[in-house]
Structures are given as C-alpha cells and as structure tokens.
Amino acid sequence: MLKASGFAEDPRLKHGFFTRLGGVSQGPYASMNCGFGSSDAPDRVNENRARAMAQVGLPARALVTARQVHSARACAVDRPWNTQERPELDGMATRSPGLALGVLTADCAPVLFADIKAGVIGAAHAGWRGAKGGILEATIAAMETLGARREQIEAAVGPCIRRDSYEVTEAFRHGFVRDHPCCARFFSAGAQSGRFQFDLAGYVTQRLGEAGLTALSVLAHDTCAEDDLFFSYRRVTLNGGGDYGRQLSTIALSP
C-alpha cells in the first residue's frame, strides 16, 4: 500500500493507494484484483477487498465502490451499498466515520480528498474523460454539501498512467486545446508524426488547482510501465488485449 507524503496527516484519517500485490487472484488478475468489473472469480475479488480493508483497520463491509462509467457524477454517501445496488458514478463524499470510499483504476487517476477540520472526505475516479467532464469539481461540490470548505480540502493524486506511456492522437489533443489553449503544455511530441504524449497527472492537478485547492500531492508512479506493481489497461491493450485487474485506492475516517 502506498501513501501520499504529507497528505492530510491526521490520526483520524485512513487512506492508501494499493498495488496489485498481496492478494489471492491468479493469471492476469494476480494478485490483488479488487474490481468486480473484471471476469475474475467474485470470491477472490471479495477476499482481496477484505485484505485491503484489513490494512487500513476496517472490516470488509466498510468499503463502498460504485459502477464507474467515466462520468462527471458524484454523490454523498452515508452507508455501504451492496454489489447489486451500486450506482453509476465516479465521485463520492462522506462525513460518516468508518465508511471507506473506494476507487478502482487500471491507468486512470485515483484522487482522494480530505477536509479534516470539517470531517469530510471524498474520492474520485479521474480518467481523461471524467477529468475533462468535471468529475473532480463534482466531487468537491459533493463534499461541500456535507460541510467541507474548499480552501481546507487537501487532495492526493494516486498512481496512474504517465506521460511517457500515454500516446494519443492529434484529434485527442485538439479536443483539449481547442477550447483551452493552456492545455497544450500537457502534450509533448510523440515518437511518430501526428502522435503526442499526454500528461494525465498534470492535467488532473491543474483542474484541482483551478477548482481552488492548494494542498496537492501527486504520487510519481506509472501504472503502465510498472508491471510488477500495477494493473494497466493500456499495457494489456498494447500486448494484444484481454481482461485485466483493477487496483483499489481508499480513504476513510476512523469510526
């Protein structure tokens, strides 16, 4: 489990960005796949999620995850959901102690939020589509409905695909730069003509700053390049396709 240095240091806060290590899954899901969206055996996914929760000192039933759909939808949460009732959204906020908000990723950026003074936390699944659409801002807004104050919110951006691994097309770049020319700095020339390398972590960090957050931490890991530590959709695609696991990031307030 990885932690963001300096992020919301308080004994009441439990958080972590988990790697793919330490679970019971096998094959392409080895070993700590926490995603029900994969074709891994559900009992193994449940065991992996329980192991993750044990590392932050909480029972398995404390974990709340959604059906992530790369949206800009976020909501406040006050109780655990069962697997069948998970809503389709990509951001959550809570002020309920003992409730662990979870984000599942395999290249997208997991972002954890905390306003310790207000006792409010949040979590967002921020791929390029969700970040561009406003999921970070929606998650912050959901936290504010629970009493958080924007100037007090700290955020940590977890392991995601990094610029050197993230090749995109000119059309992709144009979609960002057309309306916001300042986004050009998140693209550098790729090895092939008409291709660019996209800095997802940098873009996410800028959006957080533009939203009014000043206390920001970023973990410098590349999920695509670090096969031994992380699952990666892009890596699997480049290697011919197939299913893949998801790593968990979570945040909770002590009960």
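Figures for the structure shown
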item	result
Options Ala131, Ala148, Ser188, ranked by Cα towards positive dipole end of region 113-207, top entry (Cβ charges)	Ser188
Over region 127-250, relative contact order from alpha-carbon pairs under 8 Å, at least 6 apart, %	30 percent
The chain, relative contact order in percent, only Cα pairs under 8 angstrom and at least six apart counted	26 percent
DSSP bridge pairs, the chain: antiparallel proportion in percent, nearest 5	75 percent
Percent of Cα-Cα distances greater than 19 Å, calculated over region 19-152	49 percent
Estimated vicinal HN-Hα couplings, Hz - region 132-138 in sequence order (Karplus 6.51, -1.76, 1.60; Gly, Pro = x)	5, x, x, 5, 5, 5, 5
Relative packing of 193-203, 178-188, 112-122, which averages over residues the other C-beta atoms within 10 Å, highest first	112-122, 193-203, 178-188
Net dipole in debye of the chain [+1 Lys, Arg Cβ; -1 Asp, Glu Cβ; about Cα centre; nearest 20]	240 debye
Whole-Å distance, taken between Cα centres, linking region 10-82 and region 89-166	15 Å
Region 36-172: antiparallel DSSP beta bridges as a percent of all, rounded to 5	70 percent
Stretch gain in nm, segment Trp81-Gln55, where the contour uses 0.36 nm per residue and the Cα spacing is subtracted	7.3 nm
Cα centre as origin, Lys/Arg/Asp/Glu Cβ charges: region 129-185 dipole, Debye	120 debye
Peptides ranked, highest mean first, by Cβ atoms within 10 Å: ranges 105-111, 68-74	105-111, 68-74
Selected from Val218, Phe176, Asn46, residue furthest toward positive end of dipole (the chain; charges at beta carbon)	Asn46
Rounded to the nearest 20 debye, dipole of region 1-111 from Cβ charges on Lys, Arg, Asp, Glu	200 debye
Region 133-255: antiparallel DSSP beta bridges as a percent of all, rounded to 5	55 percent
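Rule-based calculations on the coordinates, nothing more; no lab input. Everything numeric in this text was worked out from a predicted model, so none of it was measured. In this analysis, Cβ positions are derived from the backbone assuming ideal geometry, glycine residues included, and neighbour counts consider all displayed protein chains.
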